[in-house]
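**Q** Please find one structure pasted underneath; my questions will follow.
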């Protein structure tokens, strides 16, 4: 793993830790002002810009505070000189979710770019696979 890949891995692990702590400043710290995020809940057209991204987090923090998990299980990073991407699988759910669907994992894909020598997340995508027989 090269130095940029290590820096990005550390950035993502810090971000996930901030999510678990409900630390909004930590969640926002390494995101571009023009971030685009496609998330599991609506809006289906995604959110654009750091202000809109910021607004998505308080309801998620409230859900986590009720006992849900948000844990990276696997993380792969590929970095070029100016752009990079990462993909991960996370345990994201309540104990009841994991009882009903023990193998369910949140899929995370990030697109990053280097701005003034530091990596920032410019694109973030979260999804769950559709389970056959369940309504998407």
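Quick note: the coordinates plus some simple rules give every number you see, no bench work behind them. For clarity, every value in this text was computed on a predicted model and none was experimentally measured.
**Q** For the chain, what is Rg from Cα atoms divided by 2.2 N^0.38 Å, rounded to two decimals?
**A** Against the empirical 2.2 N^0.38 Å value, I get 1.05 for the chain.
**Q** May I ask for the equivalent-ellipsoid semi-axes of segment 45-111, computed as the square root of five times each C-alpha gyration tensor eigenvalue and listed largest first in whole Å?
**A** After diagonalising the Cα gyration tensor, the semi-axes are 25, 19, 9 Å.
**Q** Sticking with this structure for a sec: Over segment 1-89, calculate the relative contact order: mean separation of alpha carbon pairs under 8 Å at least 6 apart, over the residue count, as a percent.
**A** Details: 83 pairs, mean separation 22.8, N = 89.
So the answer I get is 26 percent.
**Q** Indicate the gyration tensor shape class of segment 5-77 (rounded, prolate or oblate), computed on the Cα atoms with a ≥ b ≥ c the square roots of the eigenvalues: a/c under 1.5 is rounded; otherwise a/b larger than b/c is prolate and the rest oblate.
**A** Because a/c hits 1.5 or more and a/b fails to exceed b/c, segment 5-77 counts as oblate.
**Q** What full-extension length gain, to one decimal in nm, is calculated for residue 113 and residue 99 as 0.36 nm per residue of separation minus the Cα-Cα distance?
**A** Extra length available between residue 113 and residue 99 comes to 1.2 nm.
**Q** While we're on this one: Nearest-5 percent of antiparallel DSSP beta bridges in the chain?
**A** Here the share of antiparallel DSSP bridges comes out near 90 percent.
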